[in-house]
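Step one of this worksheet: look at the structure below.
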Amino acid sequence: MSDFTMPSLGADMESGKLVEWLVKPGDTVSKGDIVAVVETHKGAIDVEIFEEATVSELCAGEGETVKVGGLLARLQTTGDASPPSAPPMPEATATEAESRAPKKSGPEAAAPRPAFQIERTGRKKVSPAARRLAAELGIDPESLTGTGIDGSVSFADVELARAGAPTPKAAAAPVRRGGFDPAEMRRAIAAAMTRSKREIPHYYLSNTVDMTASLGWLSRYNEGRPPTERMLAATLLLKATALALRKAPQLNGFWQDDAFRPAEGIHIGWAISLRGGGLVSPAIHDVDTLALPELMARLRDLVARARSGGLRSSELMDATITVTSLGERGADSVTGVIYPPQVAIIGFGRIRERPWVADGAVQPRQLIDVSLAADHRASDGHAGGRLLSTIETLLLEPDEL
């Protein structure tokens, strides 16, 4: 038997609200399956399971706020002696669960509900944003063909079904999942960054890189391709960073229990600004192993899901380093603050034409400022300088990416 607890979806999270269970007692789950939706200050997050098991008991009810590390469910793992069954909830247990639930008054109080509202079986994977839209339109997401990751029903799938969707009935009051609270997110970010500046001995390095060759390669690649298949400069920046980190493992990992723990993979947290304000940094996994077109597809998908409310818990839990890029409308440079327990953050300013000495002459070139903020407990300026130098070398030779 093992406990499934509320995950920590970042150093700035203290608790989460369980919005919806996607499993019931007796269901078999596999690693990577989405089992619940949890709402934090970052929005609604799909929470995954990380082991093969059978759900034995749901210990938290929908609508309940649970602290990080608090018990959500009990699982019967493969090695346990006897498999669990899914009998009806005993009367005493139901009474206890009912007593724990918040008291209600008015019409709702007269209509008792099951403690955990688990009524459906064999459910498809449906992103939170897609389920929200489907509820508003009166569409059953179970009836749609999913085109998302692992066959999940995405926001786009519901949009495609919108034309033939029946008008939602006024009596059907879908459960409303609130988005993130911008004020609450700002407070959480401030708390995490204050802790970072207080506890982490930052050191800072920067470098200017000539992007002329990379932009020329990018222009040739995009020529003749439709907009949906074109690549952004961010893809080259991410891939160069990931390959450079292979040679600087002391900058890719975590500071935990007064020691540095190197990461097993290179999972880059990409800082994404949200439309309503706020910031999230979900991870793109194993960036160093991805071909550039696949990396661009992953990046496009990640940004879309971050802004529509469809991130997975693993994407917020295991970033090994953060990269922030200000893009074309940003400032010339950015100096980041490390997101604990990570030990480094890399910042890319905007690419801008400036005078540069090349081949012994001053020429107009497309330049970008690259910065590194790193934890002096885990590395020093020599290692950081080598990382920036390797990033520069790779961006000067984009064919090697």
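Every number here is computed from the coordinates shown, using simple stated rules; none is lab data. Owing to the predicted nature of the structure, the values given are computational and were not obtained by experimental measurement. For neighbour counting, all protein chains shown are included, and Cβ atoms are generated from backbone atoms with ideal geometry for every residue, glycine included.
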* Mean Cα-pair separation over length for region 301-401, i.e. relative contact order, pairs under 8 Å, 6 or more apart, % -> 20
* Asked: For region 182-400, what size does the Cα cloud have along each of its three principal axes, sorted from largest down, in whole Å?
  -> 49, 40, 32
* Residue-by-residue Karplus 3J(HN,Hα) for region 19-36, coefficients 6.51, -1.76, 1.60, Hz, glycine and proline x -> 7, 7, 8, 10, 9, 9, x, x, 6, 8, 10, 10, 4, x, 5, 7, 10, 7
* Within region 343-401, which trypsin sites (Lys or Arg not before Pro) sit in a loop by DSSP and count at most 16 neighbouring Cβ atoms inside 10 Å? -> R377
* In debye to the nearest 20, how big a dipole does region 187-254 give about its Cα centre with +1 on each Lys and Arg Cβ and -1 on each Asp and Glu Cβ? -> 280
* Asked: Share of Cα-Cα pairs in region 270-401 beyond 25 Å, in percent?
  -> 32
* Asked: What are the ³J(HN,Hα) values, in whole Hz, obtained from phi via the Karplus relation 6.51 cos²θ - 1.76 cosθ + 1.60 with θ = phi - 60°, for each residue of region 304-319 in sequence order, with x given for Gly and Pro?
  -> 4, 6, 5, 8, 10, x, x, 6, 9, 4, 4, 6, 9, 9, 10, 4
* Asked: In debye, nearest 20: dipole of region 242-325 around its Cα centre with unit charges on the Cβ of K, R (+) and D, E (-)?
  -> 380
* How large is the charge dipole for region 254-401, taken about the Cα centre, if only the Cβ atoms of Lys, Arg (+1) and Asp, Glu (-1) carry charge, to the nearest 20 debye? -> 700
* With a cut-off of at most 15 other beta carbons within 10 Å, and DSSP calling the residue loop, which trypsin sites (Lys or Arg not before Pro) in region 239-272 qualify? Please list them. => K247
* Can you run phi through the Karplus equation (6.51, -1.76, 1.60; θ = phi - 60°) for region 393-399 and list ³J(HN,Hα) in whole Hz, with x for Gly and Pro? -> 4, 5, 6, 6, 10, x, 5
* Compute the separation of the alpha-carbon centres of region 191-253 and region 1-63 and state it in Å as a whole number. => 32
* For region 354-401, the Rg and Dmax computed from alpha carbons only, in angstrom -> 14.0, 41
